[in-house]
Amino acid sequence: MPNPFPFSYLPLSFAIALQFHQQQVSKIFEQVFLPPNFNICIFFIQISTIKMDPDTVKSTLTNLAFGNVIAAAARDYKKELLTQEKAAQLNSTNEEVDLDELMDDPELEKLHADRIAALKKEAEKREAWKKKGHGEYREVTEGDFLGEVTGSEKVICHFYHKEFYRCKIMDKHLKSLSSKHIDSKFIRLDAENAPFFITKLAIKTLPCVILFRQGVAVDRLVGFQDLGGKDDFSTNALEVLLIKKGIIAEKKDEDDEDNVYDESKRRTVRTSVAADSDSD
């Protein structure tokens, strides 16, 4: 076999070692796009010029082999990244397909249609209530009274006197609740201008809040007896009481602003001259 490295003064064992590592060394030089034999020859010329000792040559070859391992690891890492990227793209495609299938699900479409129909029905119901005077706290006359209480399923009517302080307190709370509980009608009637109904309903104490269901008086609040007998009760306390009496519906998704403050920290409202109630 002819000696590919014509350096006669090199030891035979060294030439064999170089020939043994030629393949791995050539792979390293291939990274810079030079012919393997050309790089090997340059390597031999450098060795012959500086006349490296065997230990140095062994160390150099070891370093070259280590560099080849690093290059291989880099290629494997790049290959792994490409594999992960392809897997991510595949998962994304699967998610899009699943979403398309979900949008075409007949059960989901039915639920969506039912929800839209329910919202539409609720909106129509609210519009009908507003036309009947729901959603606000209104003053009515004795002549309008019967039509108001019979025109809605649930009606809350406050019989008041314009000079009584406690009637003003009740007005404040009922006005706050009227916009929140649009399913019930909130009205007020001046007791001085409605003697017939004051007598007919046997109203003796003001303020008096009478609860009507389908035109029939089913319950009443006389003074503040059911609210602790004090003037500083909260709108929430009145709301809870009316919910218990079934004249308004509970609103789980809305909180009254009065809930923010603790009852013990609420400023006491100045009481009227008559501590217990006002009478006509």
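Observations, loosely collected:
- Distance between region 162-190 and region 114-148 - C-alpha centres, whole angstrom: 17
- Residue order for Thr199, Thr235 - accessible surface, 1.4 angstrom probe, largest first: Thr199, Thr235
- Normalised by the number of residues in region 134-245, the mean separation of alpha-carbon contacts (under 8 Å, six or more apart) gives a relative contact order of 34 percent.
- Residue-by-residue Karplus 3J(HN,Hα) for region 105-122, coefficients 6.51, -1.76, 1.60, Hz, glycine and proline x: 5, x, 5, 5, 5, 5, 4, 5, 5, 5, 5, 4, 5, 5, 5, 5, 5, 5
- Of the cross-linked pairs Lys162/Lys185; Lys132/Lys175; Lys200/Lys244; Lys204/Lys230; Lys120/Lys180; Lys110/Lys131, those separated by over 23 Å at the C-alpha level are Lys200/Lys244; Lys110/Lys131.
- In this structure region 134-245 gives 43 Å² per residue of accessible area when probed at 1.4 Å with all protein chains present.
- Here the accessible area is traced with a 1.4 Å probe on the protein chains. For region 134-245, carbon and sulfur cover 48 percent of it.
- A straight chain from Gln84 to Asn193 at 0.36 nm per residue would run longer than the Cα-Cα distance by 30.9 nm.
- With all protein chains in place and ligands, DNA and RNA left out, the 1.4 Å accessible area ranks Arg213, Arg115 as Arg115, Arg213, largest first.
The values are calculated or read from the model by the stated rules, or taken from the named source; none is laboratory data. Predicted, not measured: the structure shown is a model, and the values here were computed from it. In case anyone asks, the SASA skips ligands and DNA or RNA and just uses the protein heavy atoms, side chains included. Shrake-Rupley method; radii C 1.70, N 1.55, O 1.52, S 1.80 Å.
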